[in-house]
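Asks: Sharing a structure here in structure tokens format.
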Amino acid sequence: MDFVDARRKSQFPRKILLAAGFITLFIFVFKNSPSFSGGSGKFSQHEPGVTHVLVTGGAGYIGSHATLRLLKDSYRVTIVDNLSRGNLGAVKVLQELFPEPGRLQFIYADLGDAAAVDKIFSGNAFDAVMHFAAVAYVGESTAEPLRYYHNITSNTLLLVKAMAAHGVKTLIYSSTCATYGEPEKMPITEDTPQVPINPYGKAKKMAEDIILDFSKTSDMAVMILRYFNVIGSDPDGRLGEAPRPELREQGRISGACFDAARGIIPGLKVRGTDYKTSDGTCIRDYIDVTDLIDAHVKALAHATPGKVGIYNVGTGKGSSVKEFVEACKKATGVDIKVEYLARRPGDYAEVFSDPSKVNRELGWSAKYNLQDSLSIAWKWQKAHRNGYSN
């Protein structure tokens with residue numbers, strides 16, 4: 001009993017500090033939002049010649065790169081993010097790059113809060129939505145399936161309902177090749193049967209089904225982009241990938257390679273060496289984030305009322321994990337230590353895309369190869385050892 005009481009007493013100051021930290025974060029977020037500082041009111045009204053895009057998850061790795069490209073292309077952008085996976089530092093970079101009134105605003109909110117989502121749509125005149133917000137780790141999804149169904153499927157339902165209620169007619173949905181599971185034939189086309197084998201892929205497919213079923217009853221313009229393994233960073237070094245330290249075990253292989261190269265972790269853990277592939281490790285299609293966002297912008301430009309477009313976004317070429325590691329060693333100049341472990345639950349042997357449809361219909365093709373993407377990303381990682389806290 002005395003031991004329990006002592007623990008409670010010792011944790012009390014820690015809880016106060018934690019609460020103070022959250023309050024400080026909350027104030028910082030809103031003080032750095034144009035809407036907090038008075039703004040121009042432009043976000044609440046449609047303006048001829050200006051497309052206002054809501055980017056959900058815009059503080060995250062992919063969403064922040066999308067926001068950067070949209071702002072460069074003269075779109076008006078509102079980011080909505082609960083910062084559970086995103087980085088406030090990325091938002092600050094974007095605000096510093098585009099400080100003019102009426103260009104960018106950040107709203108701290110959770111898409112699972114129906115009242116907050118409705119309030120956001122009521123107070124803003126959106127022309128389109130790019131929906132990136134989602135938890136997105138295969139291994140984590142097998143350990144926390146309910147979290148994934150809530151965060152991905154349920155939240156997408158609330159978002160689409162809000163779009164319908166407020167007359168927002170264009171949706172660009174960030175989906176994944178995980179909806180295909182482990183197909184019998186490669187490469188994967190858009191007609192490949194969707195048989196996901198992990199909660200992440202299942203939750204994404206359910207979200208797709210919600211969108212597709214609703215589109216049959218409306219004139220919404222829908223573009224669903226199923227993309228493959230995302231790597232790279234902004235070529236000009238302004239944005240990069242910076243997952244929270246506690247998520248490093250769940251994160252992308254590129255992040256793990258860079259952490260090993262910088263000595264943050266002792267080495268790289270490769271899970272699974274007994275797959276039916278040329279070298280026993282998984283084969284994936286690695287798509288550069290800049291190329292990926294280019295596909296989203298082209299999808300937005302081609303979105304047509306009452307029509308649905310579904311596209312695979314990948315390079316069309318698969319690389320094994322061992323090949324990836326060798327490319328990372330070359331990019332970093334570090335002989336990374338590799339430890340080989342058992343397979344990770346929910347993984348599949350080989351996945352790569354057939355991008356011919358997106359090439360043909362949207363005029364899009366990947367420009368960055370694996371080596372170039374890793375070299376660009378490594379420059380950002382070296383300059384941001386502590387992520388955006390630098």
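What follows draws every value from the coordinates through simple rules; no lab data is involved. None of the values given here were measured: they were computed from a predicted structure. Cβ coordinates were reconstructed from backbone atoms using ideal geometry, including for glycine residues, and neighbour counts include every protein chain displayed.
Asks: Going through 321, 351, 325, 334 one at a time, which residue ends up being more than 17 Å from residue 252 (Cα to Cα) and either touching a strand residue (DSSP E or B) at 6+ places or on another chain (Cβ under 8 Å) or of a type in the set (A, V, I, L, M) (or both)?
Replies: Only one candidate qualifies: 334.
Asks: Here's something else I'd like to know. Of the residues that sit in region 332-356 and are crowded, with 17+ Cβ neighbours inside 10 Å and among the charged types (D, E, K, R), which one is nearest to residue 197 (Cα to Cα)?
Replies: 347
Asks: When only residues in region 81-130 that are in a strand (DSSP E or B) and among the hydrophobic types (A, V, I, L, M, F, W, C) count, which is nearest to residue 301 (Cα to Cα)?
Replies: The selected residue is 128.
Asks: Quickly run through region 192-209 and pick out the residues that are surrounded by 17 or more Cβ atoms within 10 Å (Cβ to Cβ), free of Cβ contacts under 8 Å to residues at least 60 places away in the same chain and aliphatic (A, V, I, L, M).
Replies: Answer for region 192-209, where residues must be surrounded by 17 or more Cβ atoms within 10 Å (Cβ to Cβ), free of Cβ contacts under 8 Å to residues at least 60 places away in the same chain and aliphatic (A, V, I, L, M): 206, 207.
Asks: Does residue 137 meet the test of being under 26 Å from residue 247 (Cβ atoms) and in contact with a Phe, Trp or Tyr (Cβ under 6 Å, 6 or more places away or on another chain)?
Replies: No, not satisfied.
Asks: Please go through (1) of a type in the set (Gly, Ala, Ser); (2) outside any loop (DSSP other than H, G, I, E, B); (3) within 22 Å of residue 287 (Cβ to Cβ) for residue 136 and return the number of the only condition it doesn't satisfy.
Replies: Single failed check for residue 136: (2).
Asks: Among the residues of region 211-229, is any of a type in the set (D, E, K, R) and free of Cβ contacts under 8 Å to residues at least 40 places away in the same chain?
Replies: yes
Asks: Within region 237-334, considering only helices (runs of 4 or more DSSP H) that don't extend past its boundaries, which have at least 3 residues that are of a type outside the set (A, V, I, L, M) and over 20 Å from the mean Cα position of the chain (by Cα)?
Replies: So the answer is 321-332.
Asks: What tally of residues in region 228-284 results from selecting those that are crowded, with 18+ Cβ neighbours inside 10 Å and of a type in the set (Gly, Ala, Ser)?
Replies: Adding up the residues that qualify gives 11.
Asks: Quick check, is residue 75 surrounded by 18 or more Cβ atoms within 10 Å (Cβ to Cβ) and either closer than 23 Å to residue 244 by Cα or of a type in the set (Lys, Arg) (or both)?
Replies: no
Asks: Filter region 181-228 down to the residues that are assigned to a helix (DSSP H, G or I) and acidic (Asp, Glu), then identify the one that is nearest to the chain's Cα centre (by Cα).
Replies: Per the criteria, the residue is 208.
Asks: Do any residues in region 286-302 that are over 28 Å from residue 253 (Cα atoms) have Cβ atoms under 9 Å from those of residues that are assigned to a helix (DSSP H, G or I), where the two are at least six apart or on different chains, and which pairs are they?
Replies: So the pair list comes out as 300/70; 301/362; 302/361; 302/362.
Asks: Can you tell me how many residues within region 273-303 are more than 21 Å from residue 319 (Cβ to Cβ) and not hydrophobic (A, V, I, L, M, F, W, C)?
Replies: 3
Residue by residue, here is whether (1) more than 25 Å from residue 216 (Cβ to Cβ); (2) not hydrophobic (A, V, I, L, M, F, W, C) holds:
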| residue | (1), (2) |
| --- | --- |
| 94 | yes, no |
| 99 | yes, yes |
| 106 | yes, no |
| 118 | no, yes |
| 126 | no, no |
| 133 | no, no |
| 146 | yes, no |
| 162 | no, no |
| 165 | no, no |
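Asks: Condition first: in contact with a Phe, Trp or Tyr (Cβ under 7 Å, 6 or more places away or on another chain) and either surrounded by fewer than 22 Cβ atoms within 10 Å (Cβ to Cβ) or assigned to a helix (DSSP H, G or I) (or both). Now tell me which residues in region 166-180 satisfy that.
Replies: 166, 168, 177, 178
Asks: Residue 360 versus (1) touching a Lys or Arg at 6+ places or on another chain (Cβ under 8 Å); (2) under 16 Å from residue 223 (Cα atoms): which is the lone unmet condition?
Replies: (1)
Asks: What residue, among those in region 335-356 that are assigned to a loop (DSSP other than H, G, I, E, B) and of a type in the set (Asp, Glu), is farthest from residue 178 (Cα to Cα)?
Replies: Restricting to residues being assigned to a loop (DSSP other than H, G, I, E, B) and of a type in the set (Asp, Glu), the top hit is 335.
Asks: Which pairs have Cβ atoms under 6 Å, sit 6 or more apart or on different chains, and link a residue in region 305-327 that is under 12 Å from residue 225 (Cβ atoms) to one that is among the aromatic types (Phe, Trp, Tyr)?
Replies: Close Cβ pairs (under 6 Å, with a partner that is among the aromatic types (Phe, Trp, Tyr)) amount to 313/227; 314/228.
Asks: Select, from 383, 366, the only residue that is among the small types (Gly, Ala, Ser) and either touching a strand residue (DSSP E or B) at 6+ places or on another chain (Cβ under 6 Å) or surrounded by 18 or more Cβ atoms within 10 Å (Cβ to Cβ) (or both).
Replies: Within the list 383, 366, the selection yields 366.
Asks: A follow-up question, please. Within the set of pairs 6 or more residues apart or between chains, which connect a residue that is surrounded by fewer than 17 Cβ atoms within 10 Å (Cβ to Cβ) inside region 128-151 to a residue that is assigned to a helix (DSSP H, G or I) and of a type outside the set (A, V, I, L, M) with Cβ atoms less than 7 Å apart?
Replies: 145/199
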